[in-house]
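No value in this document is a laboratory result; all are computed from the given coordinates. This structure is a prediction, so every number in the text was calculated from the model and none was measured. Cβ placement follows ideal geometry from the backbone for every residue including glycine, while neighbour counts extend to all protein chains displayed.
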Amino acid sequence: MSATDQATGQASKPAPRLTLSVPDRTAVRPRAESRLRALDGLRLLAALMVCFYHYAGKNGEVAQSWNQSPGVKFPTLSQFATYGSLGVQFFFVISGFVICMSSWGRGLGDFFRSRVARLYPAYWAAIVLVTAAGLILPVVSAPLRSDELLLNFTMLQQPMGAHRVLGVDWTLWVEVRFYALFALCVVWRGVTYRRVVLFCCLWTLAGVFARVADTPLTDELVMRDHAPYFIGGLALYLIHRFGSDLLLWGIVAMSFLLGQRYSVTALWHPDMTGDFQRNPYVIQAIAFLAFAAVAAVALGWTGRANWRWLTVAGALTYPFYLIHEHLGWFFIRVLYRDAGLNPYVVFALTILAMLSIAWLLHRYVEKPFGPRLKKSLKVRKFSGT
């Protein structure tokens, strides 16, 4: 103690520190987890949005299958379908929510095994199906060279600079990078409220700095354009698990504000012409609805949507998403140009066919081989030398 302290008989007190801390919610009792069937329905809705976009909301290969621009073939439907590409951002919000939920209480090894077992079996089968369709009808999906085809089985063809068998593969590469970031920054130490919040805040800042840096490497690592949607989903799961607070809703609001900016700049240009023109206000509205729909699930407002068929819908979503694009163009060409059916009938029949094939992939590929793959990835412990 100093001389003054000794004279007064009081011990000196340390100067107060200003610190930035995240509340520890370990004392808060989390909500009981149950199957969120409404979330399964939202998954299928997002997949159908992307499907409509690929069948009637763009030109390119699908125009070859319809023998003219879908904007001319479906003058009204195409005006809605062109916004279906925002289903991808919808998926990313859902993915943030689901990954946070499914990784809670899991170690890094279990997280890795569950992701591999979930992604790869249906993905491998989809590559085989689409490649076979390309061999039958190359105009729909030209087969790749053998080296590129084999590389596609790794799911790393995009960073390796190879062509893709599946057009939607680019979104899988985004998802894989999200899993890696979340696993290395959060899962390996154990998922907690505090760690997820810090991860959301730091990733948001990293995304903003990456835009300033504007280099390919930082963009690949940080995913500046897609990160806000994942971050919003993570925060919404914390709201579902622990209840609302201003910090979490602030993260969600910030994520929406950043995400809608990316969506508008990516999908709308003032000088847009042609059959497919988007309105920036509609883009913003759909981005908002993506957050709002998952927020409704987080707040428990969709509890009555507990129908069993939603679970089936959720199970079909991933295989349907993988195969619907190129394989759908194959069906459209055969049913419309070769069989001569009405285009709206062809549109409906093609979606039903893709859902049927997705069910077969789920029943005979995902269900039997997913658990086996997960089990085979477990590290075996050996005793002795």
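Laid out as a table, the results:
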item	result
Likely footprinting exposure, Thr215, Thr317, Thr131, fewest C-beta neighbours within 10 Å first	Thr215, Thr131, Thr317
Between region 342-382 and region 132-167, the Cα center-to-center distance that results, in Å	19
Signed unit charges on C-beta, dipole axis of region 242-385, positive-most listed residue Thr311, Leu341, Ser263	Thr311
Efficiency of FRET between Leu184 and Trp104 - r from beta-carbon atoms, R0 22 angstrom, step 0.05	0.85
Pairwise label distance in nanometres, Trp307 with Ala285, each label 7 Å out on the Cα-Cβ vector	2.5
Charged-residue dipole, Cβ positions (Lys, Arg, Asp, Glu), region 289-385 about Cα centre, Debye nearest 20	720
Angle in degrees between helix 37-56 and the longest Cα principal axis of the chain, rounded to the nearest 10	40
Value of relative contact order over the chain, rounded to a whole percent, pairs C-alpha under 8 Å and six or more apart	27
Using alpha-carbon coordinates, inclination of helix 308-332 to the longest axis of the chain, degrees	50
DSSP-assigned coil residues among trypsin sites (Lys or Arg not before Pro) in region 84-132, each with at most 16 further Cβ atoms within 10 Å	Arg106
Nearest 10 degrees, 0 to 90: helix 169-185 Cα axis against the chain principal axis	10
Gap separating the Cα centres of region 279-320 and region 223-276, nearest whole Å	15
Peptides ranked, highest mean first, by Cβ atoms within 10 Å: ranges 318-328, 153-163	318-328, 153-163
Per-pair calculated FRET efficiency, R0 = 56 Å: Ser376 and Trp268 via Cβ, rounded to 0.05	0.75
Gain on full stretching of the segment that runs from Trp170 to Asn342 - 0.36 nm per residue minus C-alpha separation	58.7 nm
Helical contribution to [θ] at 222 nm, DSSP H n ≥ 4, -39,500 (n - 2.57), averaged over the chain, rounded to 500	-21000 deg cm²/dmol
